[in-house]
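A.B. asks: One structure is given below, represented as structure tokens, and several questions about it will come after.
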Amino acid sequence: MTVTDNNRTATAALPELPGWITNPPPLLLAAVGFALLLLATILIVAIRWLRRTTRPGEDILTIVAACIATGVSAQGMWRFSGDVLGFDGPLRLLLFAFIEVAVITS
């Protein structure tokens, strides 16, 4: 791509995107849609629970800290499944979603 501004020319190179990003398979789209639906449901339940509860501030902060720790764990699991196990694409996403749901449930 070339951009011209006041007789200056700059060329910006765009990286090549993998085929599963530019043309995603239907299973990947369904898994992402399911994950977004699950996240929205969890957020709605959490908001309703926080509105009904009369918990002290330290209990709420403990829950927030647990959510942050779960996010860090999720990032580590995502990298582990890609780097160590060598999974890619929909298999990586499905394994990741399964294990994170199991961790949150337990």
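A.B. asks: Please state which one of 84, 72, 32 is under 14 Å from the mean Cα position of the chain (by Cα), at pLDDT 80 or above and over 19 Å from residue 106 (Cβ atoms).
C.D. replies: Values: 84 fails: under 14 Å from the mean Cα position of the chain (by Cα); 72 fails: over 19 Å from residue 106 (Cβ atoms).
Result: 32 is the single residue among 84, 72, 32 that is under 14 Å from the mean Cα position of the chain (by Cα), at pLDDT 80 or above and over 19 Å from residue 106 (Cβ atoms).
A.B. asks: Quick one: which helices (runs of 4 or more DSSP H) lie wholly within region 7-96 and hold at least 3 residues that are among the hydrophobic types (A, V, I, L, M, F, W, C) and in contact (Cβ under 8 Å) with a residue 24 or more places away in the chain? Talk me through it step by step, then tell me what you get.
C.D. replies: Details: elements: 19-22, 26-52, 57-83.
Qualifying helices (runs of 4 or more DSSP H): 26-52.
A.B. asks: Right, residue 62: among the polar types (S, T, N, Q), over 30 Å from residue 21 (Cβ atoms) and exposed (fewer than 10 other Cβ atoms within 10 Å of the Cβ) or not? Lay out the reasoning, then the answer.
C.D. replies: On the way: among the polar types (S, T, N, Q): yes; over 30 Å from residue 21 (Cβ atoms): yes; exposed (fewer than 10 other Cβ atoms within 10 Å of the Cβ): no.
Judged against the criteria, residue 62 is not a match.
The values are calculated or read from the model by the stated rules, or taken from the named source; none is laboratory data. Because the structure is a prediction, the values reported are computed rather than measured. Quick reminder, even Gly has a Cβ in these numbers, built from the backbone with ideal geometry, and neighbours come from all protein chains shown.
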